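Heads up: the structure comes next, in structure tokens.
The values are calculated or read from the model by the stated rules, or taken from the named source; none is laboratory data. Please read all numbers here as calculations on a predicted model, not as lab measurements. A quick note on method: Cβ atoms are made from the backbone with ideal geometry, for glycine too, and the neighbour counts reach across all protein chains shown. Each accessible area value is taken on the protein alone, full model and side chains, heavy atoms only, with ligands, DNA and RNA left out. Shrake-Rupley method; radii C 1.70, N 1.55, O 1.52, S 1.80 Å.
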Amino acid sequence: MTVRTSESELCPTASEVFAEHWARPEHCEPLGGGRVNDSFLVTVERPVPHSMARRFVLQRINTELFKATGQLIEQSLRVVTHLQTQDCPLVPAWVPAQGGDYAVWTASGLWRLLEFVEGEPLQRAQPPLRVARLEAAAAAFAGTQSALESLAGPRLKPNIPFLYQFDLTLDGFLDIARDAPSPWQDRVDRYRSQWLHLTATDGYIHGDCKPDNILFLPETLEPAAVLDLDTVMWGNRWWDLGDLVRSAVWSDEGFCQRRYQALLKGFLTAPAGVSERQRRAELDRDAVLDAPMYVAFLLVLRYLTDHLQGDRHFKVAARGDNLERAEERYSRLTQLIDARPLMARELDALLGS
């Protein structure tokens, strides 16, 4: 079991792991604010074996969430190797340890190393560029889907148990629902039979389509990298759009029509071809519109279940953080439901209906 420790407290351990398995680090510091893995930016004076880079991302994998670690490493490497040969945004290269392994077990957990990609997050841009970047981010995720269509080998399995699997996620909550605070049981019952038409699968997806997982070249619309490929899996292609909408459509005033327009346009007119994607959207109109609610509801269940299980999967600063996250996502879910007629009008306008 990986002990959940803050990155700042874990930084000396990360330096020791890097020194033992890769090279002597010049500098090591916590990186990012992810809720799953522990990440560190490591700088070296001299290149490490198998890489000419000077900066790297060292990660301790959350083995409470990614339980099938052998599968995770094998599948993620397949995805990275494949995408590096495709016409799609850069993906960070993995760097093997001195012994040749791409992940190493230590007393402190399972570690891997990726080359650091220069770029800036979507949110760093000024508002006009930020909205335009939403369209570019949606196109990059859709392009990643297209590039994954030619992935050879056995079909990928989910690296995170129950991820996007409605029945299993719901069952996980219902097994411990008696411990849920009021009014959660009523809320879950209200929506447990909704959006079931989105459970069918039809292709590979990124599986974690949030703006944080796209980096851009400074002050441009050009994506520098697509990040966090551990969640690539066989799924429903509209789950990615749903995840992107539910995470990125918000402004200070709530649901933002301009943001939704940008996300929809970027995803539906990406490199797979305008006519093909529009044809699919017409055939799957309800799926396009309902995907944000489907993903939002599953995320509510995941945060709520993790709270009831003692915060085993998502990082928390204090007990109750995951319950608060569930409340916030539930509020967003209801706003998405209210916004569905507006989303329908935007989709019909894009498709020329």
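Counting residues in region 320-328 that are modelled with pLDDT of 90 or more, assigned to a loop (DSSP other than H, G, I, E, B) and not polar (S, T, N, Q) gives one or more.
Identify, please: which residue in region 61-118 is under 20 Å from the mean Cα position of the chain (by Cα) and hydroxyl-bearing (S, T, Y) and is, among those, least open to solvent (accessible area, probe 1.4 Å)? Only one residue fits best here, namely S76. The residue that is surrounded by the fewest Cβ atoms within 10 Å (Cβ to Cβ), counting only those in region 221-243 that are within 26 Å of E118 (Cα to Cα) and of a type in the set (D, E, K, R), is E222.
Pairs linking a residue in region 239-254 that is closer than 14 Å to Q335 by Cα and among the hydroxyl-bearing types (S, T, Y) to a residue that is open to solvent by 10 Å² or more (accessible area, probe 1.4 Å) and in a loop (DSSP other than H, G, I, E, B), with Cβ atoms under 6 Å and 6 or more positions apart or on different chains, are S247/K210. Taking the criterion of being aliphatic (A, V, I, L, M), within 16 Å of P181 (Cα to Cα) and open to solvent by 20 Å² or more (accessible area, probe 1.4 Å), the residues of region 296-345 that qualify are L308, L323. Within region 267-294, the set of residues being modelled with pLDDT of 95 or more and either in contact with a strand residue (DSSP E or B) (Cβ under 9 Å, 6 or more places away or on another chain) or more than 17 Å from P341 (Cβ to Cβ) (or both) comprises just one member, Y294.
One residue stands out among those in region 17-60 that are free of Cβ contacts under 8 Å to residues at least 24 places away in the same chain and in contact with a Pro (Cβ under 8 Å, 6 or more places away or on another chain): the one that is most open to solvent (accessible area, probe 1.4 Å), which is R54.
The set of residues from region 91-105 being assigned to a loop (DSSP other than H, G, I, E, B), free of Cβ contacts under 8 Å to residues at least 40 places away in the same chain and touching a strand residue (DSSP E or B) at 6+ places or on another chain (Cβ under 7 Å) comprises just one member, Y102.
Conditions tested, residue by residue: (1) open to solvent by 50 Å² or more (accessible area, probe 1.4 Å); (2) modelled with pLDDT of 95 or more; (3) not polar (S, T, N, Q).
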residue: R124; (1), (2), (3): yes, no, yes
residue: V131; (1), (2), (3): no, no, yes
residue: A142; (1), (2), (3): no, no, yes
residue: S146; (1), (2), (3): no, no, no
residue: N159; (1), (2), (3): no, no, no
residue: L174; (1), (2), (3): yes, no, yes
residue: H206; (1), (2), (3): no, yes, yes
residue: P211; (1), (2), (3): no, no, yes
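Every condition in (1) over 22 Å from W239 (Cα atoms); (2) out of contact with any Pro (no Cβ under 7 Å at 6 or more places or on another chain) holds for F216 except the one numbered (2). Does Y204 qualify as being under 30 Å from L83 (Cβ atoms) and aromatic (F, W, Y)? Yes, satisfied.
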